[in-house]
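Read through the structure below, which is laid out as structure tokens, and then see the notes.
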Amino acid sequence: AVDLNRGPGKMVAVTFDDGWFDNHLHALPVLVRLGIPATFFVVSGTMTGVTMERRMTPAMLREMAAAGMEIDAHTRTHPNLASLSEERLDDEIGGCKADLEEILGQPVRFLAYPGGRFNDAAVRCVQRHGFMAACSVIPAGNNDRSARYRLSRDVFSPRMDTWRDRILLMPGGRWLWRTAKGLK
């Protein structure tokens with residue numbers, strides 16, 4: 001997390017999903033140069049329609065971890081977790097954790113639900129496999145201790161120039177967005 005120096009609890013976490021090659025090529029040098037830590041949620045297996053050339057290699061993942069980046073789980077194949085049996089959930093979630101821990105030689109502590117899709121069974125599986133927390137893409141959610149397996153992440157537009165982006169980036173913006181949407 002990056003301290004925004006705006007008072008207690010004013011932090012931001014920079015995250016990337018899937019494990020794309022361009023995260024290593026483009027994002028890593030910028031993050032290192034600026035001293036910004038980030039978390040990369042990585043799919044450890046194959047993704048339908050995606051060649052391995054588009055994905056980071058184990059050596060790249062180890063390089064990123066050595067540079068101070070957090071490498072965490074995003075399942076083995078990027079499925080809709082809300083549609084899986086308990087056995088498949090264990091393979092996707094626990095299997096990804098085991099795969100990445102073997103590659104990195106260090107604990108994998110967090111998970112991001114692919115596409116933000118999850119249900120109570122997925123949450124129980126994440127807990128069962130010893131993750132500390134899990135992220136969704138629930139917009140502008142309350143990220144307190146009670147929501148640690150349903151953490152909200154704000155997804156910004158590629159240029160971060162929409163009205164929604166501007167609102168979320170301003171002090172009190174998440175509160176304003178939640179209020180406008182009728183969320184608690």
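The values are calculated or read from the model by the stated rules, or taken from the named source; none is laboratory data. Please read these numbers as outputs of a predicted model, since none were measured by experiment. Methodologically, a virtual Cβ is constructed for each residue, glycine included, from the backbone with ideal geometry; neighbour enumeration extends over all protein chains shown. Note: accessible area is taken over every heavy atom of the protein model, side chains too, but ligands, DNA and RNA are not part of it. Shrake-Rupley method; radii C 1.70, N 1.55, O 1.52, S 1.80 Å.
Extension gain for Ala98 to Met160 (0.36 nm times residue separation, less C-alpha to C-alpha distance): 18.8 nm.
Look at the Cα gyration tensor of the chain: its axes a ≥ b ≥ c give a/c of at least 1.5 with a/b at or below b/c, and that counts as oblate. Taking Lys and Arg as +1 and Asp and Glu as -1, the other residues whose beta-carbon sits under 11 Å from that of Asp99 total -2. Taking a ≥ b ≥ c as the square roots of the Cα gyration tensor eigenvalues, region 84-169 comes out prolate, since a/c reaches at least 1.5 and a/b is larger than b/c. In percent, rounded to a whole number, the relative contact order of region 88-160 is 26, using alpha-carbon pairs under 8 Å and six or more apart.
Each Lys and Arg adds +1 at its Cβ and each Asp and Glu adds -1 at its Cβ; summed about the Cα centre, region 1-145 shows a dipole of about 400 debye. Overall, the ratio between the Cα radius of gyration of region 27-98 and 2.2 N^0.38 Å, rounded to two decimals, is 1.24.
Nonpolar atom fraction for the chain, defined as the carbon and sulfur part of the 1.4 Å probe accessible area, stands at 57 percent. Counting only protein heavy atoms and a 1.4 Å probe, the chain has 57 square angstrom of accessible area per residue. Other residues whose C-beta falls under 14 angstrom from the C-beta of Asn80 contribute a net charge of +2, scoring Lys and Arg +1 and Asp and Glu -1.
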